[in-house]
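Structure first, then comments.
The values are calculated or read from the model by the stated rules, or taken from the named source; none is laboratory data. Small disclaimer: the values here were computed from a predicted structure and weren't measured. No Cβ is skipped: glycine too gets one built from the backbone with ideal geometry, and neighbour counts run over all protein chains shown.
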Amino acid sequence: MEAIKQVFARCKDEQRAALITYMTAGFPTVEETPSIMLAMQAGGADIIELGIPFTDPLTDGTTIQNSNAVALQYGVRIPTMLSMVREARSLGLTTPVMFMGYYNPLRAYGEEKIIRDCRDAGVNGFIIVDLPPEEALRFRELCRRDGLSYIPLVAPATPDSRMKMLCEIADSFIYVASRMGVTGATKSLDQGLDGLLARVHKYTENRIPAVVGFGINTREHFINVAKIAQGVVIGSKIITVARDAEPGTAAEKVKDYCMYVSGRKEARKLEVPASTATPTSVPSAGETHIPAQTDTPETSTTDDYMRFGQFGGQYVPEALMECLTELETGFENAKADPAFWAEIRSYAAYANRPSSLHLASRLTAHAGGARIWLKREDLNHTGSHKINNALGQIILARRLGKTAIIAETGAGQHGVATATLCALFGMKCTIFMGAEDVRRQALNVFRIRLLGATVIPVPGAHEGEKGTLRDAVNAAFRTWVTDLKTTHFVIGSAFGPYPYPTIVRTLQSVIGEETRSQFMEEMDGKLPDALVACVGGGSNAAGMFYPFLKDEGVAFVGVEAGGDGIDAGRHAATLGRGSVGVLHGVRTYVLQDDDGQITSTHSVSAGLDYPGVGPELSAWKDSGRARFIAATDEDALDAFQLLSQTEGIIPALESSHAVAGAVRIAKELGPNKDIVICLSGRGDKDVQTVAAMLPSLMPEGV
């Protein structure tokens, strides 16, 4: 921390702004990173940000995304980064180094451990772009205990109350994002930068330097920002310089660029240490121990209402916070307004609600145990439960004055539902869909385009990945952050940052509410013994289960995608085989490796092919309120045929997992018990996929 303060003190004496440079660790190669750090110092860098590679950077632009993918392909993890810093320090690096990135890799490494190991390696602090304020306060105190710094970020959309709190917790400098949107070089700077910095200086009382990043890439940019800020951050442009350099010349090219942008005529001379002292003796790392402070900002940072036990929260970059606050306020107001619910009900006939509930007698006979009932969400307009949530969110978006809608989709059902309602309401609609899902859900892609919406195929971000729901979610977030004023992101499942899990569950609860009243009417007031739903992100399960939450006699069973088998490694059984982590703005169960990198998933069902799950379902797992089992691809294909041939109903492959699980549970429960399956979608979209996998059902020559 003291080394960083000394940098700004020196820059102030020299009447100039500090140059802060960024490079993803391990890019363009692992071996070149220490040399590039030294080249940055030689070229005039006063502070170096070393990027922590992460599989799913939520709001980074293409340049940093690609550099992350390259570094991860080389196996770069936090221990690798520590070795890089140690090597650079041993070769003469004296410039302060900050680790910058997303929280999940740091969380996996261990907060106290990474602080201790960073201190010993010669790292001076952290910039964690998606750490919520209440956790940032705790992490800041841990950093202070060991003399390291925690750097908060603010954005143009940061409201005054939040900016005041973030400025209060800053200890060495505060990072100011110059514009909304993703990271990346731009041709011009935001015209509102003067006003943004004036707000920052007001709340820091000029106690803490402000540094500006996002979009800066020329000497002219540097000069203009240096007139109003104490530091200037350049990242994406430096990565581009390193990327475009001839092999082995990246360090020299980076040095030349840093000299150009900082205006230096001569490179700084490198002084190699005379001894091989341990990293803790490096001047920039050997800072005075500072006891943890007990002062806290006046602004309350408790977020218990955003949580489901330990799960939930808002792990998002600062640029998204204002929009999430607007959405939260808008939803709470709408929820309390009878007119909002009356408007939703006015479209009941259009959506074909209520959906029916009936006994599946031949399926029951086949299972040979409990009676199996079907809640027919597949009969809704557009063919699935997705219209319930899409309708409510689009009505909410209109109340908030939004004119454009974006959405992610896996199986395409959420995309179809969203595109349908945008056509109905005359709103611009863009649907993001993984490239692999575009291929295997071609019918729904055609339907979405027929409805007037744009479909954007999203490729896989990493080697060997073809592009699935996870990639679509990433792309949608990155697009949303560029136009928050006019656009609403209709998240289709019960995941994402608060308030999305609550919004989606609330809007989907119509499933469970209808099931409850319909079943009690059929069975003279009795409740079912078990509810069964497939689980990907969890929207249909949350909607089916929640109205029965206090009915302890009603068991909840979620059926995840077992893929090739959960022991085979290729699956999407997040609750069965995942661990607690952070993905797409929420703490929940995720499929990840020991380093907090999100792992690839597999399912025959595009809608379940996702490495996370809603936080409320995670809480139900931990509390024991819900049980989660897995059905393999083979199980799902068998169930697809079984329901078709026993009940004359072709289910979606997602719903087929629930059917497979329900047959298993029916055998466990035995006669005179009742199970209700949420049949979340119809299977016409999957017929082509199943036909290719079950050629025996196809006519000869086809």
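Results, tabulated for the structure shown:
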{"quantity": "Pairs where the first residue, in segment 184-204, is assigned by TED's automatic domain parsing to the domain that holds R219 and at pLDDT below 90 and the second is crowded, with 18+ Cβ neighbours inside 10 Å and aromatic (F, W, Y), C-beta under 9 Å, 6+ apart", "calculated": "G184/F214; T186/F214; D190/F214"}
{"quantity": "Candidate set from segment 214-232 (those that are under 11 Å from I174 (Cα atoms) and of a type in the set (G, A, S)); member that is farthest from the chain's Cα centre (by Cα)", "calculated": "A229"}
{"quantity": "Selection count, segment 214-261, where residues are free of Cβ contacts under 8 Å to residues at least 12 places away in the same chain and among the polar types (S, T, N, Q)", "calculated": "1"}
{"quantity": "Residue in segment 493-503 that is part of a helix (DSSP H, G or I), closer than 20 Å to Y305 by Cα, in contact with a Gly (Cβ under 7 Å, 6 or more places away or on another chain) and of a type outside the set (K, R) present", "calculated": "yes"}
{"quantity": "Of all residues in segment 622-642 being in contact (Cβ under 8 Å) with a residue 12 or more places away in the chain and over 23 Å from G410 (Cα atoms), the one that is surrounded by the most Cβ atoms within 10 Å (Cβ to Cβ)", "calculated": "A626"}
{"quantity": "Residue list for segment 592-631, restricted to those being within 11 Å of L575 (Cβ to Cβ) and of a type in the set (S, T, N, Q)", "calculated": "S618"}
{"quantity": "Scope segment 669-690; condition surrounded by fewer than 24 Cβ atoms within 10 Å (Cβ to Cβ) and in contact with a strand residue (DSSP E or B) (Cβ under 9 Å, 6 or more places away or on another chain); matching residues", "calculated": "L669, P671, N672, K673, D674, R682, G683"}
{"quantity": "Residue match in segment 657-664 (condition: of a type in the set (D, E, K, R) and closer than 24 Å to G538 by Cβ)", "calculated": "yes"}
{"quantity": "Residue match in segment 490-499 (condition: crowded, with 22+ Cβ neighbours inside 10 Å, under 19 Å from G61 (Cβ atoms), out of contact with any Lys or Arg (no Cβ under 9 Å at 6 or more places or on another chain) and touching a residue at least 60 places away in the same chain (Cβ under 8 Å))", "calculated": "no"}
{"quantity": "Residue ranges of helices (runs of 4 or more DSSP H) in segment 330-396 with at least 1 members modelled with pLDDT of 95 or more, in the same structural domain as P501 (by TED's automatic domain parsing) and surrounded by 22 or more Cβ atoms within 10 Å (Cβ to Cβ)", "calculated": "361-367"}
{"quantity": "Residue that is surrounded by the fewest Cβ atoms within 10 Å (Cβ to Cβ), among those in segment 79-135 that are out of contact with any Leu (no Cβ under 8 Å at 6 or more places or on another chain) and closer than 30 Å to P159 by Cα", "calculated": "E134"}
{"quantity": "Residue list for segment 561-595, filter: crowded, with 22+ Cβ neighbours inside 10 Å and over 20 Å from the mean Cα position of the chain (by Cα)", "calculated": "A561, G562, G563"}
{"quantity": "Whichever residue in segment 140-150 is surrounded by 23 or more Cβ atoms within 10 Å (Cβ to Cβ) and among the hydrophobic types (A, V, I, L, M, F, W, C) and, among such residues, is farthest from V7 (Cα to Cα)", "calculated": "C143"}
{"quantity": "Qualifying residue in segment 34-55 (condition: of a type in the set (D, E), part of a loop (DSSP other than H, G, I, E, B) and within 30 Å of the chain's Cα centre (by Cα))", "calculated": "no"}
{"quantity": "Test result for Y610, more than 24 Å from D378 (Cα to Cα), in the same structural domain as G536 (by TED's automatic domain parsing) and aromatic (F, W, Y)", "calculated": "no"}
{"quantity": "Any hit, segment 440-455, residues being within 17 Å of L58 (Cα to Cα) and modelled with pLDDT of 95 or more", "calculated": "no"}
{"quantity": "Segment 216-244: number of residues that are among the aliphatic types (A, V, I, L, M) and more than 18 Å from G44 (Cβ to Cβ)", "calculated": "1"}
{"quantity": "Enumeration of residues in segment 542-580 that are closer than 23 Å to H414 by Cα, touching a Phe, Trp or Tyr at 6+ places or on another chain (Cβ under 8 Å) and assigned to a helix (DSSP H, G or I)", "calculated": "F545, T574, L575"}
{"quantity": "Residue under evaluation T482, criteria (1) under 14 Å from the mean Cα position of the chain (by Cα); (2) at pLDDT below 95; (3) farther than 15 Å from A407 by Cβ; (4) hydroxyl-bearing (S, T, Y), criterion not met", "calculated": "(1)"}
{"quantity": "Hits in segment 545-582 - residues which are among the aromatic types (F, W, Y) and in contact (Cβ under 8 Å) with a residue 40 or more places away in the chain", "calculated": "F545, Y546, F556"}
{"quantity": "Subset of segment 20-51 that is in contact with a strand residue (DSSP E or B) (Cβ under 9 Å, 6 or more places away or on another chain) and of a type in the set (D, E) - its residue that is nearest to G263 (Cα to Cα)", "calculated": "D46"}
{"quantity": "Subset of segment 413-472 (residues that are surrounded by fewer than 20 Cβ atoms within 10 Å (Cβ to Cβ) and in contact with a Phe, Trp or Tyr (Cβ under 7 Å, 6 or more places away or on another chain))", "calculated": "I456"}
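Okay, residues lined up against (1) assigned to a loop (DSSP other than H, G, I, E, B); (2) in the same structural domain as G607 (by TED's automatic domain parsing); (3) touching a residue at least 40 places away in the same chain (Cβ under 8 Å); (4) surrounded by fewer than 20 Cβ atoms within 10 Å (Cβ to Cβ):
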{"residue": "T479", "(1), (2), (3), (4)": "no, yes, yes, yes"}
{"residue": "H488", "(1), (2), (3), (4)": "no, yes, yes, no"}
{"residue": "M520", "(1), (2), (3), (4)": "no, yes, no, yes"}
{"residue": "P528", "(1), (2), (3), (4)": "yes, yes, yes, no"}
